[in-house]
Amino acid sequence: MRHMHRVRGFTLIELVVTMAVLAVGLLVALPSIGVWLDNTRIRSAADGLQAGLQAARMEAVRRNQSVSFYLVSLTNGSTMDNSCALSSTSGSWVINTTSPAGKCGNASILGSRAIGSSSSGVKISAGSSSNTSDKTVVGTAATTTTFDGLGRLDTTSSPLNRVRITGPKTDTTYLDLMVIVETGGGVRICDPRSSIQTNDPRKC
C-alpha cells in the first residue's frame, strides 16, 4: 500500500506576512523611484534643449544665414500648434528665421520639439547673461538666441545663452543642470552646484 505524500504550500498566514513585507518594501522604494523619474526628466529636458540649439546652429551654417532658436509655451504641451507663445520657462522649442509666436504649426517652421508630459516635475529658467566668470547665473529672462552663418552666437540683442533645469524641490537628490551657449556657438551641459569640485568636468 502506497503512502500519499502531502505537498506543502503557503499557509494563509505566510502569504499575509509576505505581502506585508512586500508592501513595506514598496513604500520605502517609492520616494527613490519618484526622484529617479524626475532626474530622468531633467536630463531629458537638458539633452533636448542642447540638441535643439545645436540643430539651429547647424541650420544657420548650412544656409549661411542667421537662424534663431525660440523657447515656446503651448496650450497642449504635447502638440506644436499655433497656440504657442514665447516663454523663458518652457522646454518646448522652435527653429526658424522669424519669430514663430502664434504660428508654430506652420509648415514653414524649420524645426520644433514639444516637450509634453516629459517636463512634468521639471523647472526651466532661461536667460541672457554676460557674466563669464560665474556661469551659474541665468541672467535676465530671455526666449531667443540667434546663430549667424558661421555658427556664432549673435550677441547684438541679449541672446538666450543660459538655461537652468532643476527638479520640483531644492533638494540635493535632484539633478541641477545648466545649458550654456558660448559666444563661438558651442553648446554644452554642465552642473552649476557649488558642491561640484573645480576640477570636475561636469562643473560650469
Residue selected from the stretch 77-95 under the condition surrounded by 14 or more Cβ atoms within 10 Å (Cβ to Cβ) and touching a helix residue (DSSP H, G or I) at 6+ places or on another chain (Cβ under 9 Å), by the criterion nearest to Arg57 (Cα to Cα): Ile95
Mind listing whichever residues of the stretch 159-204 are part of a loop (DSSP other than H, G, I, E, B), closer than 18 Å to Phe147 by Cα and touching a helix residue (DSSP H, G or I) at 6+ places or on another chain (Cβ under 7 Å)? Gly185
Give the residue, chosen from Asn106, Asn131, Asn161, that is polar (S, T, N, Q), touching a residue at least 12 places away in the same chain (Cβ under 8 Å) and under 24 Å from Arg202 (Cα atoms). Asn161
Scan the stretch 80-91 for residues that are in contact with a Gly (Cβ under 8 Å, 6 or more places away or on another chain) and of a type outside the set (Gly, Ala, Ser) and report the count. 4
Only one of Thr144, Thr136, Thr155, Thr89 that is among the hydroxyl-bearing types (Ser, Thr, Tyr), within 12 Å of Phe69 (Cβ to Cβ) and touching a residue at least 12 places away in the same chain (Cβ under 8 Å): Thr144
Out of curiosity, is Ile124 buried (at least 19 other Cβ atoms within 10 Å of the Cβ), among the β-branched types (Val, Ile, Thr) and not in a loop (DSSP other than H, G, I, E, B)? yes
Do the conditions hold for Val94, that is, is it in contact with a strand residue (DSSP E or B) (Cβ under 6 Å, 6 or more places away or on another chain), closer than 14 Å to Val181 by Cα and among the hydrophobic types (A, V, I, L, M, F, W, C)? no
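Of everything in the stretch 135-184 that's under 16 Å from the mean Cα position of the chain (by Cα) and of a type in the set (S, T, N, Q), which residue is surrounded by the fewest Cβ atoms within 10 Å (Cβ to Cβ)?
Thr166
Look through Thr89, Thr132 and report the one residue that is polar (S, T, N, Q) and modelled with pLDDT of 90 or more. Show your work before the answer.
Details: Thr132 fails: modelled with pLDDT of 90 or more.
Being polar (S, T, N, Q) and modelled with pLDDT of 90 or more holds for just one of Thr89, Thr132, which is Thr89.
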Restricting the search to the stretch 139-158, which residues are over 15 Å from Leu49 (Cα atoms) and not in a strand (DSSP E or B)? Gly139, Asp148, Gly149, Leu150, Gly151, Arg152, Asp154, Thr155, Thr156, Ser157, Ser158
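The values are calculated or read from the model by the stated rules, or taken from the named source; none is laboratory data. Everything quoted here is computed from the prediction, not taken from an experiment. All Cβ positions, glycine included, derive from the backbone under ideal geometry; neighbour counts span all protein chains shown.
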